[in-house]
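Below is one structure, written out as structure tokens; the observations come after it.
The values are calculated or read from the model by the stated rules, or taken from the named source; none is laboratory data. Because the structure is a prediction, the values reported are computed rather than measured. Note: ideal-geometry Cβ built from the backbone for every residue, glycine included; neighbour counts use all protein chains shown.
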Amino acid sequence: METDDKRLAEEEKTINEAFQQLLDIYLASQHRRKVELITKAFNFARQAHKGVRRHSGEPYIMHPLAVARIVCEEIGLGSTSICAALLHDVVEDTDYTIEDIHNLFGEKIARIVEGLTKISGGVFGLQASEQAENFKKLLLTMSEDIRVILIKIADRLHNMRTLEYMPVNKQYKIAGETLYIYAPIAYRLGLSKIKTELENLSFRYEHPEEYARIEKKIEKTQQERDILYSEFTNPICERLDAMGCKYYIKGRVKSPYSIWNKMQKKHVAFEDIFDILAVRIIFTPRDGEDENNECFKIYNALTKIYTAHPDRLRDWVNKPRANGYRALHATFMSKRGEWIEVQIRSERMHEVAEQGIAAHWKYKAQGEENSADEQLDNWLHTIKEILDDPQPNALDFLDTIKLNLYATEIFVFTPKGEIKTVPQNCTALDLAYSIHTFLGNHCIGAKVNHKLVPLNHILNSGDQVEILTSNSQHVDASWLTFATTAKARAKIQAALRRQQRLMQNKGEELLNEFLEKEDLVKFSNNIDRVWKFHKLKSREELLEALGNGSIVLGSEDKDALLGNKRFRFPLFPFFGKKSEEEKDTEHAATRFDSIDHKHPINLTDENLHSSYIIADCCKPIPGDDVLGYYDDEHHIVIHKRKCPVADTLKSSHGDRILAANWDTHRTLYFTVPIMLKGIDGIGILNEITTIIYQQLNISIQKLTIEGKDGIFEGTVWVNVRDVEEVHTVCDSLKKITNIKTIARLD
Ligand code: MN
């Protein structure tokens, strides 16, 4: 009893200390002093969550406190947001209502808490429709008050920081969702530091071994980089000092996640990534000097010391990125012959780069106009516009929006010389839609720099573009193959649905006429017989086909309507039922509720092929980081955790994700493709096969090799037992001097 009391007293002390720290940070910020209100919110939340604990065993209130601290310290928001953060789980988890919050804390805070409560269920539910709804809610609340999503991101960041206490299958779901949607939104809102942390944490939980491996390599190569850094920056400092610059300079090391991402995307080894180190110069602008000019002055000074890469100057000073980021990036050749990126920014640009839009507001409050603000407004406006259209396909919708979150921008000009910011890979059609829906729907092409181009022409920065339209033009389904912006895709889909409905109405008329002529009565089951007879999927499809004339009703349809027609296919062809003998050869189905979700699935030599399906998209082998997915056919499919298909599943059907571990004993063989590139020469093939066959005693399933202009490229499919053996093969082949690149293909 006594020890319990003592523990509780300790906890009270920890809570009070955490709150005091929050207040200290708040008081050190530039916000108005509303300590009383914050204290009231804290006390209210504390008693509301009393007696409840988190998975970690901590008192629940420690979570809202941590979220409020992130909101204040890392995002730079003020008292309203701090209070809302303290109260964010009260309505969701306790008996208090929004009215209570409203009465106690007023309209503003209550509305933010309401927004947060609405989206508290996680973005992704079990059903696709649920997902679309939740995601829409998230975007809607975001476009109403951006603070809702900022606090939500802080909430997610704290949950990611404490993810170790969650069950493993939940970890994948949360990490997957974070990478899929929260990191891109954080990026889009300019919270680059938080975005990097979210990505890194997701990576650490999804691929713990790879994370550890990369971290170790970063550590091991640190000394080398330190030398490179000081050799490179010493002359820079000398020169900047001589110019009388006030600045500080520091190295930025690429995060494990972005290193890994690059290795995956470019099929390169850690050692081949040259931009792990970048250099930042952050200066205090001189009185009366324009900070944009000063960036270029510093750049000029650097060109006197090092040679700049001609294609790698990025001017985000005069034309900020859509997320508000401003800086001048340039790449220089070091004395050791390595390219090093230098990022030049003023203190204030730096703050915006780290804290995002909240920092913008801070400067805006001081009476500064800001083009980045306008861009954010435009973007939120586009989101609202997209939300106005009904979106039947949730995942497609997610993907298009997500696409827009990461897009880099280019600039194009209107015929009148106005500048427009558009995402990279934007087509003429996308641009037409970005100006006006009518222009998009009737677009027939464009003139780019006075030359005629088709709809799908991809625009380049600096193009002058005139959109050409015609009233007889109509939206075509094929447009979806090249429209890239969320807005264009949403508008095209909406127009297609309108056309579809028109066709269906016309089809309905034709069907009625036919029935009348043949003196038949319309029942839903006889109409069902007609679409099944035509091997279509639904009544709507039939009506559409009738409307556009691809099906004309005749005597056979009459038979079908009367039920006289013998069907040429089984009665329920669309439910994917399999015959008994087919089933025998397949994997055993598993009941979802019979699965133990608390523990990872154990993949053994015995059960691997009988109880599970190895996903065809990524073909994992023992040793790969994997997860299980319970599919619609009641099978458990094993994917690599990094498989793009699994990524989508994690976010869309997170509740069906199961943790999985290998417990195999090297009795099974798997075929793995390994890609090789290098310099062609006599005997290379012989060398490869000798190493694999004779030295390693591993069999080769297939080998393709192609030489051109002295370079060869090939793929060898080896039969191995696990990832270790793949590494052995790669490491041994690396010793052949003429092989330059080697990678396992997914
Ligand atoms: Mn929370």
- Item | Single residue of GLU58, GLU74, GLU36 found to be farther than 20 Å from ASN159 by Cα and either in the same structural domain as ILE119 (by TED's automatic domain parsing) or crowded, with 16+ Cβ neighbours inside 10 Å (or both) | GLU36
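Per-residue answers, yes or no, for (1) in contact (Cβ under 8 Å) with a residue 40 or more places away in the chain; (2) closer than 30 Å to ILE636 by Cα; (3) out of contact with any strand residue (DSSP E or B) (no Cβ under 9 Å at 6 or more places or on another chain):
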site	(1), (2), (3)
GLY678	yes, no, no
GLY681	yes, no, no
ILE692	yes, no, no
GLN695	no, no, yes
VAL716	yes, yes, no
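So, in segment 477-511, how many residues would count as being more than 13 Å from CYS443 (Cβ to Cβ) and part of a loop (DSSP other than H, G, I, E, B)? Steps first, answer last, please.
Just the residues of segment 477-511 that are more than 13 Å from CYS443 (Cβ to Cβ), to begin with: 477-478, 480-481, 484-487, 489-490, 493-494, 496-511.
Still in the running and part of a loop (DSSP other than H, G, I, E, B): 484-485.
Of the residues in that region, 2 qualify.
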- Check whether at least one residue in segment 136-150 is modelled with pLDDT under 90 and within 12 Å of the ligand (Cβ to nearest atom), and report yes or no. no
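For every residue, the table says whether it meets (1) over 20 Å from GLN355 (Cα atoms); (2) within 16 Å of the ligand (Cβ to nearest atom); (3) hydrophobic (A, V, I, L, M, F, W, C).
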position	(1), (2), (3)
LYS6	yes, no, no
LEU27	no, no, yes
ARG33	yes, no, no
LEU37	yes, no, yes
ARG46	yes, yes, no
VAL52	yes, yes, yes
GLY57	yes, no, no
LEU65	no, yes, yes
- Go through segment 682-708 residue by residue and tally those that are modelled with pLDDT under 85 and part of a loop (DSSP other than H, G, I, E, B). 2
- helices (runs of 4 or more DSSP H) lying entirely in segment 152-255 (those with 1 or more residues that are within 16 Å of the ligand (Cβ to nearest atom) and of a type in the set (D, E, K, R)): 168-177
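Collect the residues in segment 718-746 that are in a strand (DSSP E or B) and over 20 Å from ALA269 (Cα atoms), keeping them in residue-number order.
Within segment 718-746, VAL718, ASN719, VAL720 meet the criteria.
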- Task: For segment 438-451, indicate whether the set of residues that are of a type in the set (D, E, K, R) and at pLDDT 80 or above is non-empty.
- Result: yes
- Message: Given the condition under 34 Å from the mean Cα position of the chain (by Cα), modelled with pLDDT under 90, over 19 Å from GLU199 (Cβ atoms) and not in a strand (DSSP E or B), answer yes or no: does some residue in segment 274-286 qualify?
- Response: yes
- segment 150-169 residues that are in the same structural domain as GLY76 (by TED's automatic domain parsing), paired with ones that are acidic (Asp, Glu) and more than 13 Å from the ligand (Cβ to nearest atom) (beta carbon under 7 Å, 6 or more apart): LEU157/GLU197
- Tally of residues being of a type in the set (D, E, K, R) and either touching an Asp or Glu at 6+ places or on another chain (Cβ under 9 Å) or on the phi > 0 side of the Ramachandran plot (or both) across segment 292-325: 4
- Task: For segment 1-49, name all the residues that are under 19 Å from GLU73 (Cα atoms) and either touching a residue at least 60 places away in the same chain (Cβ under 8 Å) or of a type in the set (Lys, Arg) (or both).
- Result: LEU22, GLN30, ARG32, ARG33, LYS34, LEU37, ALA41
- Residue list for segment 596-633, filter: more than 23 Å from THR667 (Cα to Cα) and touching a Phe, Trp or Tyr at 6+ places or on another chain (Cβ under 7 Å): TYR630
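Between ASP596, ASP605, ASP632, which is acidic (Asp, Glu) and under 27 Å from VAL718 (Cβ atoms)?
On the way: ASP596 fails: under 27 Å from VAL718 (Cβ atoms); ASP632 fails: under 27 Å from VAL718 (Cβ atoms).
Answer to the check: ASP605.
Are any residues in segment 94-120 part of a helix (DSSP H, G or I), within 29 Å of the chain's Cα centre (by Cα) and within 16 Å of the ligand (Cβ to nearest atom), and if so, which ones?
So in segment 94-120, the residues part of a helix (DSSP H, G or I) come out as 98-105, 107-118.
Cutting the leftovers down to within 29 Å of the chain's Cα centre (by Cα) gives us 111-118.
Answer for segment 94-120, where residues must be part of a helix (DSSP H, G or I), within 29 Å of the chain's Cα centre (by Cα) and within 16 Å of the ligand (Cβ to nearest atom): ILE112, VAL113, GLU114, GLY115, LEU116, THR117, LYS118.
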